[in-house]
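S.K.: Supplied in structure tokens, the structure appears directly below.
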Amino acid sequence: MKTLLTCLALALAPAMLHATESVTVRSFAEVAVLMERQAAAGVESLDDITLAAEISARVGEISARPGQTVSAGDLLVRLDDAEYQIRRDAARARLAMAEAASDMARIRAERARRLAPERFVSEDQLLEAETNLRLREAELAAARNEVEQAELMLTRTRIHAPFGGVVTRRVVGVGTLAAPGTALLQMITTDDLEVSASLPPEQIPGLVAAEAIHFESGGRRWPVRIERVAPVISTATRGQQVRLVFTGQTAPVGSEGRIRWTDPRPALPGDFILQRDGRLGVLMLGDDGATVMFHPLPGADAGRPYLAEDLAPEARLIDDGRRRVQPGQRVSIGNR
């Protein structure tokens with residue numbers, strides 16, 4: 001009896017394979033969905049700097065404390081300036097001497113020029129007066145440069161905030177002997193901020209075309225817009241860096257969160273993605289209007305929406321009955 005049933009099943013198998021299945025059909029445009037996207041992101045400051053000494057001097061006063069908000073131009077650190085004031089005063093004294101010597105040389109040169117035509121001074125005396133004038137003028141120029149240099153060094157005993165922001169760290173204490181390059185304070189701007197994210201290259205077009213993008217962190221959200229997209233793919237993350245800026249209020253510097261957007265490009269719902277012969281794809285109605293065709297979807301994940309850019313909006317997809325039919329099977333179109 002068992003043998004008889006087996007033979008009967010084998011005999012009926014071809015007929016079952018070629019049986020016409022009733023299915024419904026919907027266009028890709030009808031079933032398409034918009035994909036909600038997200039990516040990890042963080043808020044960064046474009047100016048995160050360490051203020052350092054440019055001269056050798058002992059730290060006399062530190063006006064700013066960690067966490068303090070400062071404005072551009074605020075005095076942050078004062079270095080001991082006694083030595084540099086002495087240098088400036090000495091340079092000014094040498095400048096006064098050089099000015100006096102230059103004035104005297106000019107008077108003598110002018111007198112020699114007036115007397116030379118009447119032979120009251122020799123040509124050698126005139127040449128000597130002219131040469132002495134040029135020498136004193138050169139010395140005067142050098143003295144002026146020395147004063148400028150001394151005044152510049154004196155200004156470097158005062159370290160001011162280069163921009164408005166927040167002091168994040170005090171590196172040294174009062175009394176520290178600083179040398180050129182010694183770190184004094186760290187500060188960060190709170191005005192010039194950007195949101196940084198790394199996205200797979202295939203998601204970039206959808207982000208660029210999105211109507212709205214938001215940065216979310218700690219249960220809050222802020223609208224942002226794309227500022228620039230790096231034209232290179234990172235070898236470490238295989239993603240492209242995207243920099244965004246806030247369009248209104250800003251999140252705190254250092255905030256970690258996610259950017260979210262809706263990709264406006266139509267995507268295939270995940271439940272239309274089926275596996276046939278070890279491949280993932282979608283079942284469609286063939287050009288004859290009666291045969292099932294399998295359209296592979298490279299890179300698709302079962303159960304997740306797929307951005308099927310090669311599917312035409314009018315493509316006819318098998319809807320009801322899609323899990324029962326196989327590629328090449330004859331079907332009849334029923335009503336939904």
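S.K.: At most 11 other Cβ atoms within 10 Å and a DSSP loop assignment: could you name the trypsin sites (Lys or Arg not before Pro) in the stretch 261-334 that fit?
M.R.: Listed in order of number, the matching sites are R323.
S.K.: Starting from 0.36 nm per residue, how many nanometres of slack lie between E123 and E137 once their C-alpha separation is accounted for?
M.R.: That pair, E123 and E137, stretches by 2.9 nm at full extension.
S.K.: Nearest 10 degrees, 0 to 90: what angle lies between the long axis of helix 123-155 and the longest principal axis of the chain (Cα atoms)?
M.R.: Helix 123-155 and the main axis of the chain meet at about 50 degrees.
S.K.: What do you get for trypsin sites (Lys or Arg not before Pro) in the stretch 99-204 restricted to DSSP loop and a cutoff of at most 11 other Cβ within 10 Å of the site's Cβ?
M.R.: Listed in order of number, the matching sites are R119.
S.K.: Search the structure for amide H atoms under 5 Å from the amide H of L185, placed 1.01 Å from N in the peptide plane, and list their residues when 5 or more places away or on another chain.
M.R.: Amide H neighbours of L185, under 5 Å, 5+ apart: L51, V171.
S.K.: Using the Kirkwood formula on the Cα atoms of the stretch 286-336, what hydrodynamic radius do you get, in angstrom to one decimal?
M.R.: 12.5 Å
S.K.: Using the Cα gyration tensor of the stretch 20-110, with a ≥ b ≥ c the square roots of its eigenvalues, what is the shape: rounded (a/c below 1.5), prolate (a/b larger than b/c) or oblate (neither)?
M.R.: prolate
S.K.: Between the DSSP loop rule and a limit of at most 11 other Cβ atoms within 10 Å, which GluC sites (Glu not before Pro) in the stretch 138-216 are left?
M.R.: Qualifying residues, ordered by number: E211.
S.K.: Over the Cα atoms of the chain, Rg to Rh with Kirkwood Rh, two decimal places?
M.R.: Rg divided by Rh gives 1.43.
S.K.: Now for a different question. Three principal axis extents, largest first, for the C-alpha atoms of the stretch 132-179, in Å?
M.R.: 57, 26, 11
S.K.: Here's a follow-up. Relative to 2.2 N^0.38 Å, what does the C-alpha radius of gyration of the stretch 200-274 come to as a ratio? Two decimals please.
M.R.: Relative to the 2.2 N^0.38 Å estimate, the stretch 200-274 comes out at 1.26.
S.K.: Rank the residues I62, I233, I318 as a footprinting-exposure proxy: fewest other Cβ atoms within 10 Å of their Cβ go first.
M.R.: Listed from fewest to most nearby Cβ atoms, that is I233, I62, I318.
S.K.: So, one more: If you average the sequence gap of Cα pairs under 8 Å that are 6 or more apart and divide by the length of the chain, what percent do you get for the contact order?
M.R.: Relative contact order, the chain: 29 percent.
S.K.: Under the rule of -39500 (n - 2.57) per DSSP H run of 4 or more residues, summed and divided by the residues of the chain, what mean residue ellipticity at 222 nm is obtained, to the nearest 500 deg cm²/dmol?
M.R.: Dividing the helical sum by the residues of the chain leaves -9500 deg cm²/dmol.
S.K.: Can I ask one more? Whole number please: convex hull volume per residue of the Cα set in the stretch 82-154, in Å³?
M.R.: Hull volume over Cα atoms, normalised by residue count, gives 55 Å³.
S.K.: Starting from the exponent 0.38 and prefactor 2.2 Å, build the expected Rg for the stretch 230-336 from its residue count and divide its actual Cα Rg by it.
M.R.: In units of the globular-protein estimate, the stretch 230-336 measures up at 1.54.
S.K.: Let me ask something additional. For helix 82-115, report the angle its Cα long axis makes with the longest principal axis of the Cα atoms of the chain; keep it between 0 and 90° and round to the nearest 10°.
M.R.: For helix 82-115, the angle is close to 60 degrees.
Every number here is computed from the coordinates shown, using simple stated rules; none is lab data. Predicted model, so just to flag it, every value in this text is computed and none were measured. Note that each Cβ is placed from the backbone with ideal geometry, even for glycine, and that neighbours are counted across all protein chains shown.
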